[in-house]
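Everything below concerns the one structure shown next.
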Amino acid sequence: MTMLDIHNLHVRVGGKPILQGIDLCVDAGEVHAIMGPNGSGKSTLARALSGHPDYQVTEGEVSYEGRDLLAMDPEERAREGVFMAFQYPVEIPGVNNAYFLKAALNAIRKHRGQEELDAIEFMALMREKSTLLEIDQSMLTRSVNEGFSGGEKKRNEIFQMAVLEPRLAILDETDSGLDIDALKLVANGVNAMRSPERAIIVVTHYQRLLDYIVPDVVHVLSGGRIVKSGNRALALELEDKGYGWLEPEAAAAAPAAKT
Amino acid sequence: MTRLVQSSPQTGAYLADFDRLVTARSATEASWLRNLRRKGIEHFADAGFPTTRDEEWKFTSVAPIADRHFAPAHDGQSGLTTDLVERWAGALGGYRLVLVNGVYAPQFSVGGLPAGVHVSSLRSILATNPAAVEPYLGRFAPPDRHAFTALNTGFLQDGAFVWIPPGTIVEQPISLLFVSASPETASVSHPRVLIVAGDRSQARIVEGYAGPPGQEYFTNAVTEVVVGSGAVVDHYKLQRESQRACHIGSMYVHGTRDSTFSSHSIAFGGALVRNDVIAVLDGEGGDYTLNGLYLVDGRRLIDNHTTIDHAKPHCGSHEMYKGILSGHARAVFNGKIIVRPDAQKTDAKQTNKALLLSDDARINTKPQLEIFANDVKCTHGAAVGQLDEDAIFYLRARGLDLQQARDMLIHAFAGDVLNRIRIDGLRTSLEEHLLSELPAAGRPAHHQ
């Protein structure tokens, strides 16, 4: 079943065109990897899907579970089951991590017509989910991301995803800056979430993450368009050859995209 | 009665009120009190109301006070219900002394003090045992320092007196609540508070100011706190005046050796508000904390002036003031730290932050360090900013709506001050009050 259907998506950031006609279809149960060189528009795609106000959609449609995703506020997308793991998680001094996450979870549950969790039920859920990602209790009582190491921030993102249980998860370069141990933890956390009802989009610059989160489909983004799609072998080929060999194809696919 | 000084149009009515007061009371009073009062009114007549040409009042015009006459408040308590007073007092437990229009109101007060601890109206101690307050009253709040302190001293009649004997630890908070209620006329009260904490004693005191919403009045309060050697005093000032009231509050703190004092000044109400805290660390080993939080909206103004005077070596001071401004509100913060030549090894830290929720809100903020010793550590920082848009988006991307996200960030901003309040009931009630005020304050100006 199609979960996400992106058609001819154009996005500008600060007036500058970045995405220039993305077409992408993701089915429930699938893991898609989006790769591409710096500046190709990978993170722009992730942020536009999450509803960031700086990312202006100028053309195209995005349908999520049959509904117009672009018409929804960021919080409505989250409540409908879209989750983006931030490339740069924001530090929020003074907001307790557990308090924040409980408020988020209950906002989502309320939207879905579910009972809100009380403090005891919530703590039980936190304990269950924190083990997998080796989140210790002190991380829960600290302010959101404040003073967290790079690895802790990324683990915290995946932990939030595990608690909020989205139907569509978008990981925006979650692997960047992680050492191999942290990368494995994060990958385990993501793999534990794989299910026939859930789709995951992994945006990454490096093939390495895909050794641990094995994608069903790999897309290469260049010049704001998807220039090649394939199976996992494509990622390995990119690892081997870099992105340079795709440039002529990118040019051919997007003659107007030259800047 | 012969007046020693000339009056001006602004001060004249107060001098006439003073004459009436003195005529009514002088027969029964101790001469030192008469003299103190006279010194106060003379200085006030001499100095007049401050103007914005005065450096200490550069950004705060007191014209709304000076350009009209506030009549002396009467004892009347019209419109006050127990419910209203209970709400202002909060469920803090412990002893409570309530004064209405500057006069002790036993029907709202709650007893239950530990043996030896004395809390009473100032009027009653002046009538029964004036010698108990004579060594302190007016000594730490000199009438010639500040025109409003002078005015308060001139009209000194009632207020609160707290005496904690040496070595006594008072577990429950002591609440002093000053209510203004005069629906018919705009009136003034001059509450005076004297807190004397004996050596090695320990107490927590909550000083509250409140009035019915919409009423216009002027509260001119002066508090003197004497912290004995090795004593620990936590002071909470909770200002919830009517949003049309004027409130001038000056607190003078004097600490001796190894004294520990903390002030938590929370200001929510008032149209024109000025708080002065002047703390003198006059003994080695003192440790003082001055914290403050204010919430100001509409066209209101809240001015906080603090002075920490390090007079002796090896003392520490920590100061954190935070303000939340919206609408066309204005705020002033001036934090003076004096380190006297003798005060080596001083460790002073000052932080001042303001959160502007609208483009039209404005703050004037100034640290003022006067350091005359060479082996000291003094730091200060000021920050004025808006809500972090990245943080708002992050919270929304997790499912919180815009209003929830803003409230959460404002609450977090205030948390630095509120979390340091060590009376649980007080902290909870302030958090609730803050959250209930946020729906108005948290929205951008154009939505109001």
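Values in this text are rule-based calculations from the coordinates and carry no lab data. Computed from a predicted structure; not experimentally measured. Glycine gets a Cβ as well: all are built from the backbone with ideal geometry, and neighbour counts include every protein chain shown.
Treat each spin label as a single point 7 Å out from the Cα along the C-beta direction, and report the B:K377 to A:D73 distance in nm.
4.6
Quick one: how many lysine pairs in region A:2-257 have C-alpha atoms under 18 angstrom apart, if they're 8 or more apart or on different chains?
Close lysine pairs under the 18 Å cut-off: 12.
If the elastic network links every pair of Cα atoms under 10 Å, which of A:D27, A:D54, A:D172 fluctuates the most in the Gaussian network model of chain A?
Of the options given, A:D54 has the highest mean-square fluctuation.
Just checking the output field for A:99-105: average partner chain Cβ neighbours within 10 Å of each residue's Cβ?
4
Using 0.36 nm per residue, how much length does the chain from A:Y206 to A:W245 gain when fully extended, once their Cα-Cα distance is taken away?
Here the segment from A:Y206 to A:W245 would lengthen by 12.4 nm.
Pick from B:M408, B:M320, B:M251: which residue has the top mean-square fluctuation in a GNM of chain B where Cα pairs under 10 Å get a spring?
B:M408
Whole-Hz Karplus ³J(HN,Hα) for region A:210-219, in order, using 6.51 cos²θ - 1.76 cosθ + 1.60 and θ = phi - 60°, x for Gly and Pro?
6, 5, 9, 10, 7, x, 7, 9, 10, 10
Specify the residue with the greatest mean-square fluctuation among A:G41, A:G113, A:G21, computed from a Gaussian network of chain A linking alpha-carbon atoms under 10 Å apart.
Judging by the Gaussian network model, the answer is A:G113.
Using θ = phi - 60° and the Karplus curve 6.51 cos²θ - 1.76 cosθ + 1.60, what whole-Hz ³J(HN,Hα) does each residue of region B:273-287 get, with Gly and Pro shown as x?
Ordered by residue, 3J(HN,Hα) equals 10, 9, 10, 10, 10, 10, 10, 10, 8, 10, x, 5, x, x, 9 Hz.
Pairs of lysines 8 or more apart, or on different chains, with alpha carbons under 17 Å: count those in chain B, would you?
Count of close lysine pairs: 19.
Using θ = phi - 60° and the Karplus form 6.51 cos²θ - 1.76 cosθ + 1.60, what ³J(HN,Hα) does each residue of region B:162-172 get, whole Hz, x for Gly and Pro?
Along region B:162-172, the couplings run 10, 10, 10, x, x, x, 8, 10, 9, 6, 7 Hz.
Which whole number gives the average count of other chain Cβ atoms within 10 Å of the Cβ atoms across peptide A:68-81?
The mean count of partner-chain Cβ atoms within 10 Å per residue comes to 3.
Taking amide H positions as placed in the peptide plane 1.01 Å from N, state which residues far from B:V225 in sequence (5 or more) or on other chains have amide H under 5 Å from it.
Hits under the 5 Å cutoff: B:I195, B:Y252, B:V253, B:H254.
Using a Förster radius of 51 Å, what is the FRET efficiency between B:A71 and A:A119 based on their Cβ-Cβ separation? Nearest 0.05, please.
Computed FRET efficiency for B:A71 and A:A119 comes out at 0.45.
Shape verdict for region A:2-257, please, from the Cα gyration tensor: rounded (a/c under 1.5), prolate (a/b greater than b/c) or oblate.
Taking the square roots of the gyration eigenvalues as a ≥ b ≥ c, region A:2-257 is prolate.
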